Structure formats: C-alpha cells, structure tokens
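Quick note: the coordinates plus some simple rules give every number you see, no bench work behind them. Predicted model only: the values in this text are computed from it and were never measured. Backbone-built Cβ (ideal geometry, glycine too); neighbour counts: all protein chains shown.
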Amino acid sequence: MRERSELGFATPYENVSGEVAIVGVGEADHTRASGRTSREIAVQAIRRALDDAGLEAKDVDGFMYTPYGAGLDAQAFREEFSIEHDLWVSTQGGGMVWAASGPYEAAQALRAGKARTIVNVFSVAWATQRGQMVGGPGESHAEDLFKQNLEIPFGWFPQPVYFATIARRHMHEYGTTEAQLGAIAVACRRHANATPAAVMREKKLSLEDYLASPKIADPFRKEDCCLISDGGGAYVMTTVERARDLAKPVVEVAGVGLGSSDTGVHWAQQADFTATPQKYAAPVAFEMAGLDRSDVDVLACYDPFTIVSLMQIEDMGFCPKGEGGRFVEGSALHFDGGVLPYNTHGGMLSHAYVLGIAHVVEVVRQLRGEAAAQVPDARVGIYGGYTGPQAATLILARKD
Amino acid sequence: METRAEFPLPDVAWEPTREFWSAAARDELRLPRCASCAAFAWYPGERCRSCGGAQLAWERLSGRATLFSWVVVRHPFLPQFRENLPLVTGLVAVDEDPRVRLPTRIVECTPEELAIDMPVEVVFRDLTFPGVAGHVRAPLFRPLAAR
C-alpha cells in the first residue's frame, strides 16, 4: 500500500500573514426560487459589500470570480458598475475552496501593485434554475463522462449518494453515529433560527426531529444535505495598512493554506476515502498565522453534507482523526457556550447554499461583533473551503 | 444539460470505457492493468497512475470483491430511477487490488443483510430504464453467500 503522505500535498505558500484585510462584506437576499438571475444577485451582494466598507465602485481595481457557474464575470462587472479604469482580474475567486484561497491570490496582487482594492464575488440562482432542469449542483457532475459511464448507470449519483457512501464508511471505521451527524444539523439549524437572513430562520429542528426524519439516501436524511437556494455574497479586500483608515474594525488574513488530493477528482477512487485535504491545508495556515486550534473562537466550513463538516473538523486538527463524532455531540458546536462555535449563520444546511462565500461574510461579522448569533469576544475565526479534491483553510483575526 | 437519448445507460462506444462494457456484454469483468508495475489503472487513463507506464491491457478479473460501502437510495434523484427504488448502490473493492473500487448496484439481497467489507461476487444483469430504449449488460454484485 502507498504511504498516506503520498496521497496528497499542500501547495507551497509564501507567508502573507498580516498583509490583507477584509474590509467589506455583503450578502444578497437568500431565498428559495426567486426568479432572479445570478448576475443581479451578484450585483446586489457587491453593492452591499462596498456599502459595508464605505467604498464605491470607482475604488475597486481588482475583481475575483469563478468561471464555474459565474453570475458575473469581469465584463459584466464593468457594465453593471460603469467601470472604465484598469481592472486586475482573477478567475481564482468565487466560493468553495476559492473563497478561502482567494485572499492569497489577492495578497500577491496587492504586493505587486496590480490592485489596491479587490472584490471577490459568488452567486447562484440554482433554486430558480432547478425548476427549469438546467444548472444546479448535479449538472456539472452529470457532464463528467466517467460518471456518466461508470457511476450513473448504477445509480451512484448525485452528491448525496457520494457522501452517504463516505458517511457509512466513516461510521464503520470510527464508530460515528447518525445521532452525531444529527448534532451538526441541529446546531446549524439553531444558528439559522437566530439569523434573520437565513433561509431556514423559521423552521426548528431538534435531534428527535432529525432522527424521526425519513432517510432519502440511507444513512442520510434530507437534514444531512444542504439547501438549494438563490443567493450570493461578496467581500472586499485591501491592505491591512489601508484598512486602518476605513470605517470597520480591521479583520486581517492571518493565515491561509491550500491542500490537494493526489488521487484524482472522483470520490469513488479517493484513496483517503473518509478524509478531506484539510489535513494538508490547515497546518500551513496555522503555521503562517502563528496560532493553534485552541486559539480559534469560531469555525465555518463548507458544508454540503453533515459528514463533510465532521471530516473537516477532524482534518483541521480540532480533534484526533476519527473522534469527530464524539467531538460534535450535544452543544459542542453551539454559538452560546459550545467548545467550537460552528457555522454560526446556519451554514449551507440551514442558512443558504451559496457555496461558502456567506461563511466568510459570517466569520468577518463575528470578528467585528456584528453577527446575529454572536460568539462573545470572537477574535480568531476560520473558513474551511472544500471542493472534494481540494480544501483550503483561511484564518482571519481581528486586529486592534 | 444535453444528454444522450440513452442516458442514464452508459455510452458503450465511449473509448475510455469501451472495453469495460464490451467485456460486460460477454459476462466478463475486465479492467486495465499496467504491463510494467501490474497496478490496475482505474478509472481508465492514458497512463498508469502508479508508475506512468503507457502499456495498459484489459485483464479479466475473478469477480470477487468486498463491499466497501453502500447507500440505500429511496429518493428519485434522477427521474429514470423512480421505478427502481429503493435501490442499493455503492462501491466494491476488487480482490485483485482493493484500492480499485467499482461503483455498482448490490442485488439479490435486502439492505439488512449487508455489512462493510463482506465478500461479494459479480453477477451480470441487463440495465433498463423506463422511457429509455435499449438495455446494457452490466456487472452488478451480490453477497457471496447469497447463492
């Protein structure tokens, strides 16, 4: 058998700690099917992020997005905001893993003088598009010809099935239980109930409710799976030096790390089946930040499914590998008194399915003391981004 | 999304997996194996992922495997599966190299009989879907003791 160390790697990152600040955050309205386009959702998120920073569109000279399901590309950004000056553009932005690694790209651009004020945006209108059977999270997977010809014919599709398969194997290897997965869903719902912008703000979920819910992809219930919603978010970055002159408390990028699997892009063939590349990403970020797990006041992870939260909590080192189930039990993840307040806006399970961009927004608000489910005196927060074969850790810290 | 008319049946003519499906049509399970280092190259690629070797030959397997993990699907994620629900789908690790996992359906048993790492064996059955013309012979698996 191959050594575990040969199954993945961390991208070598220069130390950018203390160079970049997130100075503005904004969310578009998060809704069920709304009839909106992802472009107008992105515009709303950017306007709110700029307002939050006390900046105007004319101040923006850097733009980050992702070509994957892009609501707003650079040309559309120029049109919507009447921008005619030079713009540094990066496609290494957006949500998922890039909402975490994007600030590293931004640091490089700020260092090189390519930009001074950079917007990163992500938006989706998948709830609206689902009714028309176009777009949506399953489509990019169904277009993969290996999946079409080796997975889908057997019913091994789509994402809930992949991750229920992972969850059952995790249960076998480590004794993880359905009730432990349920504790994650309950914590996220509780946080959404306290968050006015959350899609599930009015729908309660107890552990008893969770356990009584029918299984759709056994061992998963629908409560193990993220929402499908329309929405988006944006954040504005500049240098820490310049951030001191802006209105809000300074939240800096203290550390960032990017990890990758070396065993391809298909979940079926991941050698490290019950782990995520956070185990490569997180050590880089913590070392860069000069911080340890015990310094973290609030954690937000890309959470398409409960098991993805559990694995990232383990792989980031908040507990030994395999002990995540026991770690998340009870109120451990709750914002008010939990040992590791987690997805304090409700995450993708209960806040909105905007692929992690709202997680970064939430962590920044926590560190400013502006969150709805506020963790008292939160000073260090993390966003963990995930795509499957890649994961990234973004450590943010309040500076004052 | 544009899909083939036969979706979710496989495209048996797609070159990277053509041998897999043509072997299945003869009730054989075959996977590409590296002539240099003997590792199976799965999913199929131009080269061996273990040693980079370019000589890959499709080799017949015993059809014995272990059940790596599975899911009981009760929700029609794809409408073509609605009449097949509930179905058990999952991954089996082939005996010749347990690092190689085949997505498959587990048949001829109830979910209650299943256990992780239990021995399973291949059975060949025709895949059909309501509203989709044609059928494709495919390697499914059943518990070894179920005979």
Query - Eligible lysines near A:Lys114 by straight Cα distance, threshold 28 Å, same-chain separation 8 or greater - result: A:Lys58, A:Lys248, A:Lys399
**Report entry** Ordering of B:88-98, B:107-117, A:7-17 by packing [mean C-beta count within 10 Å, highest first]
**Finding:** B:88-98, A:7-17, B:107-117
Report summary line: Here, B:Ala57 and A:Asp400, labelled 7 Å along Cα→Cβ, have an inter-label distance in nm of 7.2 nm
Query raised in the report: So for the pair A:Ser206, A:Gln75, with labels modelled 7 Å out along Cα→Cβ, what separation do we get in nm?
Result: 5.6 nm
Query - Inter-chain shielding of A:163-170 (mean C-beta neighbours from other protein chains, 10 Å cut-off) - result: 5
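For the stretch A:1-92, calculate the relative contact order in percent as a whole number, restricting contacts to Cα pairs under 8 Å that are 6 or more residues apart.
25 percent.
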Report summary line: Per the C-alpha gyration tensor (a ≥ b ≥ c, the square roots of its eigenvalues), the stretch A:1-159 is rounded if a/c is under 1.5, else prolate if a/b beats b/c, else oblate; here it's oblate
Query raised in the report: Just counting partner chain Cβ atoms within 10 Å, what average do the residues of peptide B:64-74 show around their Cβ?
Result: 6
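Any number yet on Rg/Rh for the stretch A:216-320, C-alpha, Kirkwood?
With Rh from the inverse mean 1/r over Cα pairs, Rg/Rh is 1.03.
Per DSSP helix of 4 or more residues, -39500 (n - 2.57); summed, then divided by the residues of the protein assembly as shown. What does that give at 222 nm, rounded to the nearest 500? Mind showing how you got there, number by number?
Details: 16 runs with 150 residues, N = 547.
Computed mean residue ellipticity for the protein assembly as shown: -8000 deg cm²/dmol.
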Report summary line: Phi-derived 3J(HN,Hα) across the stretch A:104-110 with the Karplus relation (6.51, -1.76, 1.60, θ = phi - 60°), rounded Hz, x for Gly and Pro, is 5, 4, 5, 4, 4, 5, 5
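Compute the semi-axes of the equivalent ellipsoid of the stretch A:85-231, taking the square root of 5 times each eigenvalue of the Cα gyration tensor, and list them largest first in whole Å. Could you put the intermediate results ahead of the total?
Numbers: eigenvalues 223, 98, 59 Å².
Its equivalent ellipsoid spans semi-axes of 33, 22, 17 Å.
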Report task. Would you mind checking the radius of gyration and Dmax of the stretch B:15-146 based on alpha-carbon positions, in Å? Result -> 15.6, 45
Requested in this report: Using a 10 angstrom cutoff on alpha carbons, build the Gaussian network for chain B and name the most mobile of B:Val123, B:Val100, B:Val71.
Outcome: B:Val71
Requested in this report: Pop a pseudo-label 7 angstrom from the Cα along the beta-carbon direction at both A:Asp377 and B:Ala115 and give the gap in nm to one decimal.
Outcome: 5.3 nm
Query raised in the report: In whole percent, what relative contact order does the stretch B:15-146 give with Cα contacts below 8 Å and a gap of six or more residues?
Result: 21 percent
Report summary line: Interchain or sequence-distant (5+) residues whose placed amide H lies within less than 5 Å of the amide H of A:Ile216 are A:Arg221, A:Lys222
Query - From phi via Karplus (6.51, -1.76, 1.60), per-residue ³J(HN,Hα) for the stretch A:192-205 in Hz, x at Gly/Pro - result: 5, 4, 9, 10, x, 7, 6, 4, 9, 4, 9, 9, 7, 8
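Per the Cauchy relation, a quarter of the hull surface: what is the mean projected area of the convex hull of the alpha carbons in chain A, in nm²? Write down the numbers at each step before the final one.
Details: hull surface 72.8 nm².
Mean orientational projected area (chain A, Cα hull): 18.2 nm².
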Query raised in the report: What number, in percent, do you get for the relative contact order of chain A if the mean sequence gap of Cα pairs under 8 Å and at least 6 apart is divided by its residue count?
Result: 26 percent
Query - Mean Cβ count within 10 Å, highest first, over the residues of peptides A:224-233, A:264-273 - result: A:224-233, A:264-273
